[in-house]
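> First the structure, which I've put down as structure tokens, then a few questions once you've had a look.
The values are calculated or read from the model by the stated rules, or taken from the named source; none is laboratory data. What you see is a predicted model; the values in this text were computed from it and never measured. Cβ coordinates were reconstructed from backbone atoms using ideal geometry, including for glycine residues, and neighbour counts include every protein chain displayed. Protein only, heavy atoms only, side chains kept; ligands, DNA and RNA dropped before computing areas. Shrake-Rupley method; radii C 1.70, N 1.55, O 1.52, S 1.80 Å.
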Amino acid sequence: MQKLTVMQAFAATVKKHGDAIAFKQKDQTTTWNAYDARVRSVAKALIAASVEPHEGVAIVGFNRAEWLYADVGAIFAGAIPAGIYTTSSPEQIAYIVNHADARIVFTDSIEQTKKLLEVKGAMPKLEKIVQWSEEPPTDAMVSTFEAFVATGADVDERALEARMSAQKPDDACTLIYTSGTTGTPKGVLLSHQNLTWTAKASELLGFVEGDNGVSYLPLSHIAEQMLTIHVPMSLGLVITFAESVEKMPEALREARPTYFLGVPRVWEKMQAKMQAAGESAPPLRKRIARWARRVGLRGGYADQRGESRPMMYGLASSIVFSKVRERIGLDRCRFALTGAAPISKDTLEFFLSLGLPLYEIYGMSECTGPATQSLPNAYRTGAVGKVLAGAELKIAEDGEVLVRGEHVFLGYLKDEASTKEAIDAEGWLHTGDVGELDADGYLRITDRKKELLITAGGENVAPQLVEGLLKSIPVVAQAVVVGDRQKYLAALLTLDPERVVAEAKQAGSPATDAHSASECATFRAHVEKQIDRVNERLARVQTVKRFTILPAELTVDGGELTPTMKLRRKIISQKYATQIASMYSD
């Protein structure tokens, strides 16, 4: 495969699809030609602002066209863009702005701009904040997006072309900051080749011209960057920007995407809403739905084995599956993807039973997103797919998953020691995940190497396995298993607010919401019976002996989850130290 820069990949698509739609935002559409013109105008403004090659440019805002203009414009100018999560605190934003050596930061709102102004004294290099929506606060440091772009009008086109042509495929191109589940975020340096090679390798999923997706996950995360920026840039796909995370379901119904990536929590929330709606359906409709789902599940597993689907699959699809998919906006979806965190088998089988298999993708920022992929004609429920075409994957002696290929990152910015820990002398990326390969080459991730619990008896336990089974209990929304250096495992549970009332009624509990349910002895006994059934499926050392029901869900705003919904185990352990300690007191 020919090595390309991002500019070369973009130019090829603009040449081929110039007048076609690149993205949609509310009622507005933007063509590839207009996208290109806008990117160039931002790049010229950055040059006019004396941004030097390899200098950082930071972006903090929700997904929309201006995010892409800022990101790709920075790349065209030879700078290195760094996305920042919108949920970041002022101090966290300051850390990344300083670490990336950014003098210019793009923001989407007064809220984000005020965060920067609050800590501007801690960012000595910061010179300009460019806000792309709302009226910005009055401050000499702050500019509107249009006013900033106008400053580049007099920059000669040849100056921009010189910046673009000076860049080579193996040069650093963008910075992805890790979500910091175990400490301070690291800056993952990705090259042009990392991005363009991975985008091309993703074509094997079967994308075709005219495919479209919905952008709503944080663009500071590599998965959303690949699916919103680089894969569309490689193939000329169409993106619809959701107005907010909360309005994503509305965007799905409007766009009817042909591909869609949901982190596990998104799929779990969809499942909960659909199950809650099903419980209120008339008895006949319930029976039909249960029958259809049994047929669907058998059909889904038959597909995976290369066998014929059950005879009644077509009927089940026409009277149940097709209607469900249409209602949620996934009636045209060929690739329903899940990644970024572990997903429970219960959720995988729920969607499989509705004729909507979820194709798991496994990877990390350090390999530009995917290390493995599941394909419509090659997937296994509970496995994360096979190694990305053109890359290598193996299991080390201690069970760690190792990856090698053109998608492996250049290194961590300003952190040579961590880079050497991550990439060994033979070029293998040490993922930190523990997994196993089956005879057909499908990878199963069993746990994070650093998250393995070691009991007081010296036995290793993978918490994610147990957590997945606990989340199969219908009313359980989230589960965190604890027990490192303890005699037994315990769990913190949160409840699904969509199901609490129905579950309480079934249990004979007077609880009316998650908070009252967490304090109700009758409800607790009801949950305990279901945990006992889960324990029957586990080895003795894996069983959960005690549990605590928390009164509210774990959230990003509360600090317990990363922006991509991964558990921040250290913070959870600190925040709920009292509850955890009580489960180990006599």
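> What is the magnitude of the charge dipole of the chain about its Cα centre, with +1 placed on the Cβ of each Lys and Arg, -1 on the Cβ of each Asp and Glu, and no other charges, expressed in debye to the nearest 20?
It works out to roughly 1920 debye.
> Taking 0.36 nm per residue of sequence separation and subtracting the Cα-Cα distance, how much length would be gained by fully extending the chain between Asn33 and Ala122, in nm to one decimal? Intermediate results must be reported in sequence, preceding the final value.
On the way: separation 89, 0.36 × 89 = 32.04 nm, distance 3.96 nm.
Gain in length upon complete extension: 28.1 nm.
> So, one more: For the stretch 409-544, just say rounded, prolate or oblate: build the C-alpha gyration tensor, square-root its eigenvalues into a ≥ b ≥ c, call rounded for a/c under 1.5, and beyond that prolate if a/b exceeds b/c, oblate if not.
Prolate shape, in that a/c is at least 1.5 and a/b is the bigger ratio.
> If you don't mind, there's one more thing I want to ask. Past the 10 angstrom mark, what percentage of all C-alpha to C-alpha distances in the stretch 56-97 do you count?
That fraction is 70 percent.
> Considering only protein heavy atoms and a probe of 1.4 Å, how much of the accessible area of the stretch 59-131 is carbon and sulfur, as a whole percent?
Numbers: 1090 of 2100 Å².
Answer for the stretch 59-131 is 52 percent, counting heavy atoms of protein chains only.
> Continuing with the same structure: I want to make sure I understand the PRE zone here: with the label point 7 angstrom from the Cα of Leu315 toward its beta carbon, which residues in the stretch 337-353 have backbone N atoms less than 11 Å away?
none
> Considering only DSSP beta bridges whose two residues both sit in the chain, what percent are antiparallel, to the nearest 5? Walk me through the numbers on the way to the answer.
Values: 39 of 76 bridges.
If we restrict to bridges inside the chain, about 50 percent are antiparallel.
> Roughly how many Å² is the accessible area per residue of the stretch 14-143, as a whole number, for a 1.4 Å probe?
Here the per-residue accessible area is 39 Å².
> With each pseudo-label sitting 7 Å past Cα toward Cβ, what's the Arg327-Ala378 distance in nm, one decimal?
With each label point 7 Å from Cα toward Cβ, the separation is 3.6 nm.
> Could you work out the local net charge near Ser133, counting Lys and Arg as +1, Asp and Glu as -1, over the other residues with Cβ closer than 10 Å to its Cβ?
-3
> Of all the accessible heavy-atom surface of the stretch 325-371, with the other protein chains kept in place and a 1.4 Å probe, what percent is carbon and sulfur?
On the way: 640 of 1360 Å².
After summing per-atom areas, the C and S share lands at 47 percent.
> While we're looking at this one, here's another question. Place +1 on the Cβ of every Lys and Arg and -1 on the Cβ of every Asp and Glu in the chain, take the dipole about the Cα centre, and give the residue among Leu493, Ala552, Gly355 whose Cα lies farthest towards its positive end.
Gly355
> Hey, if you put +1 on the Cβ of every Lys and Arg and -1 on every Asp and Glu Cβ in the stretch 299-449, which of Pro370, Ala383, Cys333 ends up farthest toward the positive end of that dipole?
Cys333
> What is the distance, in nm, between label points placed 7 Å from the Cα along the Cα-to-Cβ direction at Thr446 and at Asp415?
If labels sit at Thr446 and Asp415, their model points lie 2.8 nm apart.
> While we're looking at this one, here's another question. What dipole magnitude, in Debye to the nearest 20, does the stretch 154-266 give about its Cα centre under +1 on Lys/Arg Cβ and -1 on Asp/Glu Cβ?
Here the stretch 154-266 has a charge dipole of around 440 debye.
> What FRET efficiency, computed as 1/(1 + (r/R0)^6) with R0 = 41 Å and r the Cβ-Cβ distance, is obtained for Glu246 and Ala396, rounded to the nearest 0.05?
0.45
> Expressed as a whole number of Å, what is the distance separating the alpha-carbon centroids of the stretch 402-426 and the stretch 501-541?
For the stretch 501-541 versus the stretch 402-426, the Cα centre distance is 45 Å.
> So how compact is the stretch 435-500: Cα radius of gyration and Dmax in angstrom?
Rg then Dmax for the stretch 435-500, in Å: 14.3, 42.
> Using the Cα centre as the reference, give the magnitude of the dipole from point charges on the C-beta atoms of the stretch 44-148 (Lys, Arg: +1; Asp, Glu: -1; all else neutral), rounded to the nearest 20 debye.
Computed about the Cα centre, the dipole is about 140 debye.
> Only one of the listed values, (i) 0.99; (ii) 1.19; (iii) 1.10, was derived from the coordinates as Cα Rg over 2.2 N^0.38 Å; which label is it?
The listed entry that was calculated here is (i).
> Okay, moving on. Restricted to Cα positions, what overall size does the stretch 118-262 have along the principal axes? Three whole-Å values, descending.
Extents along the principal axes, in whole Å: 48, 40, 40.
> Answer with one residue from Val480, Ala12, Asn535: the one whose Cα lies farthest towards the positive end of the charge dipole of the chain, charges on Cβ with Lys, Arg +1 and Asp, Glu -1.
The Cα lying farthest towards the positive end belongs to Asn535.
> Expressed as a rounded percentage, what relative contact order does the chain have, with Cα pairs under 8 Å and six or more residues apart?
Once divided by the residue count of the chain, the mean separation gives 10 percent.
> Taking R0 as 30 Å, what's the FRET efficiency between His515 and Thr87 from their Cβ-Cβ distance, rounded to 0.05? Don't jump to the answer; show the numbers that get you there.
Working: r = 24 Å, r/R0 = 0.79.
After rounding, the FRET efficiency stands at 0.80.
> State, in angstrom, two size descriptors of the stretch 1-123 derived from its alpha carbons: Rg to one decimal place and Dmax to the nearest whole number.
15.5, 47
> A further question follows. Write down the Kirkwood hydrodynamic radius of the stretch 305-438, to one decimal in angstroms, obtained as one divided by the mean of 1/r over all alpha carbon pairs.
Numbers: mean 1/r = 0.0590 Å⁻¹.
Taking the inverse mean of 1/r over all distinct Cα pairs, the stretch 305-438 comes out at 16.9 Å.
> Cβ under 14 Å from Val245's Cβ, Val245 left aside: what net charge do those residues give with Lys, Arg +1 and Asp, Glu -1? Walk me through the numbers before you get to the answer.
Numbers: positive: Arg64, Lys247, Arg265, Lys269; negative: Asp108, Glu224, Glu243, Glu246, Glu250, Asp557.
Residues close to Val245 contribute a combined charge of -2.
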